[in-house]
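*Asks:* The structure that follows is given in the form of structure tokens.
The values are calculated or read from the model by the stated rules, or taken from the named source; none is laboratory data. Bear in mind that the values here come from a model prediction, so they are computed numbers and not experimental data. Neighbour counts run over all protein chains shown; Cβ positions are idealised from the backbone, glycine included. These area figures cover heavy atoms from the full protein model, side chains too; ligands, DNA and RNA do not enter into them. Shrake-Rupley method; radii C 1.70, N 1.55, O 1.52, S 1.80 Å.
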Amino acid sequence: MEVVSIILAAGKGKRMNSDLPKPMHKIAGKSLMNWLEDSLDELKVSKKLYVLGHQSEKLIKSIGTTDYVIQEPQLGTGHAVNLTKDKIKNHESIIIIAYADTPFVPSDKIKKMISQIKNGYDISILGFVASNPKGYGRVVKKGNEVIKIVEEVDIDEETKKINLCNSGILAGRACDIYNYLNKVKKSSNGEYFLTDIISLCVKDGSKVGLVSSPEEDLIGINDREDLSKAELIIQNRLRIQHMKNGVTMLDPRSVYIDASSKIQKDVTIEPNVFIGANVEIQSKTIIKSFSYLEDCFIGRNCSIGPFARVRPETEILENVKIGNFVEIKKSKINDNSKVNHLTYIGDTTIGTSSNIGAGTITCNYDGEQKHKTNIGNHVFIGSNVALVAPINIKDNSIVGAGSTLTKDVEENLIAVERSKQKQFKRRKKN
Ligand code: UD1
Ligand code: MG
């Protein structure tokens with residue numbers, strides 16, 4: 001049987017107070033929309049249909065499909081779903097309605113909802129017990145049966161006490177849902193609430209199924225505080241997942257990990273480390289405190305930091321040491337090389353077993369263009385050296401401390417660029 005998901009993402013997201021559409025805000029580096037889409041993809045739905053409205057141009061670009069309808073003006077979640085009627089050919093299909101601001105829905109719970117629909121329920125909702133239910137629609141039951149959902153704007157003192165909340169995820173056959181939606185009346189705030197179909201369904205003598213999940217799966221993101229709560233939940237999950245995969249974290253709570261990053265087993269991560277998007281760290285490497293990594297590959301058995309910054313398009317191979325206050329950008333460092341202290345390496349290739357002394361700078365930018373530095377194998381660069389790119393420092397060469405080099409150094413040579421030291425007798429004080 002065909003299962004179609006409808007993703008509601010037309011709302012203004014006013015409470016976010018942002019120029020960015022709410023579904024494009026990120027958790028662990030991945031947009032709310034992408035989190036939801038990934039979860040729905042696990043269900044292998046036949047089609048994902050989007051309802052867009054507020055800032056739709058930006059969202060159209062990011063969803064990359066023409067399966068959307070535009071809701072203008074936005075008159076509520078019920079109105080939004082009603083607009084999709086003509087896009088769903090087979091009204092026997094099961095539709096899953098999901099909100100772009102409720103992104104971590106577990107797909108196995110949606111599967112349960114689908115099976116409830118197959119087993120005689122007209123509608124199935126996904127609920128949770130909220131620690132602070134304020135703002136959520138409350139699920140009202142009579143005995144064991146769900147009889148209605150009451151939204152915050154219509155709530156009375158008694159219903160306020162209910163902490164069983166609606167996540168917004170709803171399943172049903174298309175024909176039933178559109179049929180009930182036709183009967184939904186404008187609510188007190190001028191919107192058509194999708195959630196009003198619950199009482200209409202019950203009035204019809206049909207049954208509403210309830211599936212539940214823990215609150216942290218179903219947190220709705222309406223403002224920045226919710227966004228930070230969700231980040232906390234997801235960071236915690238990611239850390240646990242990496243630890244299960246064999247990563248040691250000395251103080252997991254202080255490690256930030258982007259959802260796209262890959263970390264192999266027996267990697268150790270010290271406290272206060274930031275692992276941004278597209279980072280890959282291979283086995284037996286240690287990332288020391290206060291290091292900041294983005295879009296980079298770090299090979300086996302390396303030591304990075306403390307206080308290292310590894311910037312995008314950097315490739316660090318095996319047994320490499322990157323020490324404190326070192327910044328590396330768009331560079332490749334081959335096996336067994338060391339860049340131990342206070343150094344900037346940019347647009348550079350370093351060969352194997354080379355040593356870069358403290359305070360070395362690859363001067364890659366002339367104010368207009370970036371230029372490349374090539375450092376060969378078994379090269380020793382002394383402290384406080386400026387390598388003005390484009391420049392090649394070839395295999396087995398040595399560069400003396402304090403040199404500013406503008407010309408290539410050939411293999412097996414020692415290069416020094418330094419004014420002669422002068423010494424004078426010190427005048428004695430009386
Ligand atoms: C909604 C539910 C509430 C539930 C909560 C869970 C309704 C009426 N209320 O409240 O029961 O507890 O989610 O987080 O459904 N949207 C549109 N078009 C519109 C209005 C909203 O597409 O006209 C979209 C929004 O972009 C958003 C989603 O629907 O992705 C939910 O809207 P929102 O305004 O956040 O509803 P809540 O107040 O959170
Ligand atoms: Mg919401």
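*Asks:* Give the span of segment 1-138's Cα atoms along each principal axis, as three whole-Å numbers ordered largest to smallest.
*Replies:* Answer, in whole Å and largest first: 44, 38, 29 Å.
*Asks:* Roll a 1.4 Å probe over the protein heavy atoms and report the accessible area of residue 380 in Å², nearest 10.
*Replies:* 100
*Asks:* If you don't mind, there's one more thing I want to ask. Note down the accessible area of residue 175, probe 1.4 Å, to the nearest 10 Å².
*Replies:* Probe radius 1.4 Å; accessible area of residue 175 about 50 Å².
*Asks:* Follow-up. Would you calculate the separation in nanometres between label points at residue 250 and residue 236, each defined as 7 Å from the Cα along the Cα-to-beta-carbon direction?
*Replies:* 2.4
*Asks:* For residue 84, what is the net charge nearby, where nearby means another residue's Cβ is under 13 Å from its Cβ and Lys, Arg count +1, Asp, Glu -1? Can you show the working numbers first?
*Replies:* Values: positive: 47, 48, 85, 87, 89; negative: 67, 86.
Result for the local shell: +3.
*Asks:* Rounded to the nearest 5, what % of DSSP beta bridges with both residues in the chain are antiparallel? Present the calculation step by step, with values, prior to reporting the outcome.
*Replies:* Working: 19 of 96 bridges.
Approximately 20 percent, going by the DSSP bridge assignments.
*Asks:* State in Å² the accessible area per residue of segment 143-253; use a 1.4 Å probe, count heavy atoms of protein chains only, and round to the nearest integer.
*Replies:* 50
*Asks:* Sum up the charges of everything whose Cβ sits under 15 Å from the Cβ of residue 248, counting Lys and Arg as +1 and Asp and Glu as -1, but leave residue 248 out.
*Replies:* Working: positive: 239, 244, 253, 265, 284, 288; negative: 251, 266, 270.
So the surrounding residues net to +3.
*Asks:* Return a whole-number percent for the relative contact order of the chain, with Cα pairs under 8 Å and 6 or more residues apart as the contact set.
*Replies:* Values: 1091 pairs, mean separation 37.6, N = 430.
Reported relative contact order: 9 percent.
*Asks:* Still on this structure, please answer the following. Pull out a ≥ b ≥ c, the square roots of the eigenvalues of the alpha-carbon gyration tensor of segment 248-343, then state rounded if a/c is under 1.5, prolate if not and a/b is larger than b/c, and oblate in the remaining case.
*Replies:* rounded
*Asks:* State the three equivalent ellipsoid semi-axes of segment 138-215, derived from the C-alpha gyration tensor as the square roots of 5 times its eigenvalues, in descending order and whole Å.
*Replies:* Values: eigenvalues 73, 55, 28 Å².
So the equivalent ellipsoid measures 19, 17, 12 Å along its semi-axes.
*Asks:* Specify, per residue and in Å³, the volume enclosed by the convex hull of the alpha carbon atoms belonging to the chain. Don't skip to the end; give the middle numbers.
*Replies:* Numbers: hull volume 93.7 nm³, N = 430.
Enclosed volume per residue, from the Cα hull, is 218 Å³.
*Asks:* Further question on the same structure: Amide H of residue 409 versus every other amide H placed in the peptide plane: which residues, excluding those fewer than 5 positions away on the same chain, fall under 5 Å?
*Replies:* 392, 393, 394
*Asks:* Does a label point 7 Å from the Cα of residue 383, set along Cα-to-beta-carbon, have any residues of segment 333-356 with amide nitrogen under 15 Å, and which are they?
*Replies:* Output list for this probe position: 340-343, 356.
*Asks:* Still on this structure, I have one more. Taking only protein heavy atoms and a 1.4 Å probe, what accessible area per residue, in Å², does segment 317-372 have with all protein chains in place? Each step should come with its number before you reach the end.
*Replies:* Numbers: 2460 Å² over 56 residues.
The answer is 44 Å² per residue.
*Asks:* PRE reach from residue 85 (point 7 Å along Cα→Cβ): which of segment 184-218 fall under 13 Å by backbone N?
*Replies:* Output list for this probe position: 184.
*Asks:* Using amide H atoms built 1.01 Å from N in the peptide plane, name the residues 5+ places from residue 208, or on other chains, whose amide H lies under 5 Å from its own.
*Replies:* Excluding prolines and chain starts, which carry no amide H, the hits are 146.
*Asks:* Residues with amide H under 5 Å of residue 141's amide H, sequence separation 5 or more or different chain, H placed in the peptide plane at 1.01 Å from N; which?
*Replies:* Those qualifying (amide H under 5 Å, at least 5 residues apart or on another chain) are 147.
*Asks:* How much mean residue ellipticity at 222 nm does the chain get from its helices, if each DSSP H run of length 4 or more adds -39500 (n - 2.57) and you divide by all residues, to the nearest 500 deg cm²/dmol?
*Replies:* It comes out at -5000 deg cm²/dmol, rounded to the nearest 500.
*Asks:* Per 0.36 nm of contour for each residue apart, how much would the distance between residue 408 and residue 163 grow if the chain were fully extended, relative to their Cα-Cα spacing? Display every interim value, and only then the final one.
*Replies:* Numbers: separation 245, 0.36 × 245 = 88.20 nm, distance 7.20 nm.
Once the chain is fully extended between residue 408 and residue 163, it gains 81.0 nm.
*Asks:* Here is a follow-up. Please list log₁₀ I(q)/I(0) at q = 0.22 Å⁻¹ for segment 55-116, using the Debye equation with identical point scatterers on the alpha-carbon positions.
*Replies:* At q = 0.22 Å⁻¹ the computed log10 ratios are -1.23.
*Asks:* Rounded to the nearest percent, how much of the accessible area of the chain (1.4 Å probe, protein heavy atoms only) is carbon and sulfur? All intermediate terms of the calculation are to be shown ahead of the outcome.
*Replies:* Details: 10040 of 21290 Å².
On the chain, the fraction of accessible area on carbon and sulfur atoms equals 47 percent.
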